[in-house]
Amino acid sequence: MLPDFRLVRPTTLEEALAQIGEDALPYAGGTELFIAMRGRLLQPGTLVDLKRVRGLADIRVDDGWLVVGAAATHDAVAGSEAVREHAPLLADVAPGVGNPRVRAAGTVGGNLCFAEPKSDVVTALVALGAELTLASAEGTRTVPAAEFHRGPYWTVREDRELLTEIRIPPAPDRRGVYVKFQTRERPTVGVALVTDGGSGACRLVVGAVGEVPVSLEFPSLGAVDPAAAAEAVDPVADLTESVEYKRHVTAVMAARAKERLEEAVAGAR
């Protein structure tokens, strides 16, 4: 059973921002939050239901930037033509998040704010150079996706702030792939590899293996070094495997991502 709580349902962003705080948590899908509440890991006095807040689940293109509302579900992202056109890597990642129930109810913003270290979504967004918009009654601020997670279940979001949208910069020639090794519902290692198609520079991001994603930059796709990726990560030994095994799998997944992106680039010529 869930512990007792008060439920409020704002319909505007201003109303929502006036309600949230240290003991009043925002939620939309609740896929992670309710599990934590049932385990008494979290016992907020108030839940602020965001599902009726106008515009918070919208997906749109703004001056070339793809803007994904924080309350957009993973299924909505997977099925969005705008996402498929402007950030196909994210569209490819979304169908593999969690399970069908999580994808139908869970939101991109909730995934990011819960800060589960094994998130597929944050790994892809870091690789895409995404920016996150945080709003409060005092105003808004922008945080790079690469700096949002401080550690497991810990972000830079303040108690009275709300993640409102994810913004992905335009890059018409950008190409990317995401590969992961997974034996349970969440990945052991996830690797996103993106090339901008202009300068040819690449960003390789390794997630799930440690507490936060690790990002590496390479001058070209040919220069991507799977061994360097394995060396750069800081694996956490857990039920999925040892530190040594996770480093090995990181190198394998990085090599696989490089091979797949080389095939995609060659096929587009």
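Annotations for the structure displayed:
- Filtered residue count, region 203-222, keeping only those that are in a strand (DSSP E or B) and without any contact (Cβ under 8 Å) to a residue 40 or more places away in the chain: 4
To keep it simple, each residue is scored yes or no on (1) more than 23 Å from the chain's Cα centre (by Cα); (2) within 26 Å of PHE148 (Cα to Cα); (3) of a type outside the set (Lys, Arg).
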residue	(1), (2), (3)
ARG175	no, yes, no
GLY198	yes, no, yes
ALA232	no, yes, yes
GLU244	yes, no, yes
GLU263	yes, no, yes
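- The residue of region 67-82 that is farthest from the chain's Cα centre (by Cα), among those that are free of Cβ contacts under 8 Å to residues at least 60 places away in the same chain and buried (at least 20 other Cβ atoms within 10 Å of the Cβ), is SER80.
- Of the residues making up region 8-44, those that are exposed (fewer than 14 other Cβ atoms within 10 Å of the Cβ) and under 24 Å from GLU165 (Cβ atoms) are THR11, THR12, GLU14, GLU22.
- Qualifying residue in region 47-59 (condition: outside any helix (DSSP H, G or I), of a type in the set (D, E, K, R), under 18 Å from LEU132 (Cβ atoms) and in contact (Cβ under 8 Å) with a residue 60 or more places away in the chain): no
- Qualifying position, being modelled with pLDDT of 95 or more and within 22 Å of TYR27 (Cβ to Cβ), among VAL67, VAL83, VAL61: VAL67
- Residue pairs whose Cβ atoms lie under 9 Å apart, separated by 6 or more positions or on different chains, with the first residue in region 134-158 and under 15 Å from VAL121 (Cβ atoms) and among the hydrophobic types (A, V, I, L, M, F, W, C) and the second assigned to a loop (DSSP other than H, G, I, E, B) and modelled with pLDDT under 95, are PHE148/ALA115.
- Of note, LEU90 satisfies the criterion of being crowded, with 19+ Cβ neighbours inside 10 Å and either acidic (Asp, Glu) or touching a strand residue (DSSP E or B) at 6+ places or on another chain (Cβ under 9 Å) (or both).
- Residue satisfying condition, being of a type outside the set (Asp, Glu), within 17 Å of HIS74 (Cα to Cα) and in a strand (DSSP E or B), within set THR164, THR140: THR164
Residue-wise test of (1) modelled with pLDDT under 95; (2) surrounded by fewer than 16 Cβ atoms within 10 Å (Cβ to Cβ).
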| residue | (1), (2) |
| --- | --- |
| LEU163 | no, no |
| PRO172 | yes, yes |
| VAL177 | no, no |
| LYS180 | no, no |
| ARG184 | yes, yes |
| PRO187 | yes, no |
| GLY190 | no, no |
| GLY200 | yes, yes |
| SER215 | no, no |
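- Restricting the first member to region 83-100 and to residues that are touching a residue at least 40 places away in the same chain (Cβ under 8 Å) and over 18 Å from PRO170 (Cβ atoms), and the second to residues that are in a helix (DSSP H, G or I) and not hydrophobic (A, V, I, L, M, F, W, C), the beta-carbon pairs closer than 7 Å and six or more apart or on different chains are VAL93/ASP120; GLY96/ASP120.
- Complete set of residues in region 225-258 that are of a type in the set (Ser, Thr, Tyr), surrounded by fewer than 18 Cβ atoms within 10 Å (Cβ to Cβ) and outside any loop (DSSP other than H, G, I, E, B): TYR245
- Per-region count, region 17-33, residues without any contact (Cβ under 8 Å) to a residue 24 or more places away in the chain, in a loop (DSSP other than H, G, I, E, B) and closer than 18 Å to THR133 by Cα: 0
The values are calculated or read from the model by the stated rules, or taken from the named source; none is laboratory data. What you see is a predicted model; the values in this text were computed from it and never measured. With ideal geometry, Cβ positions are generated from the backbone for all residues, glycine too; neighbour counts draw on all protein chains shown.
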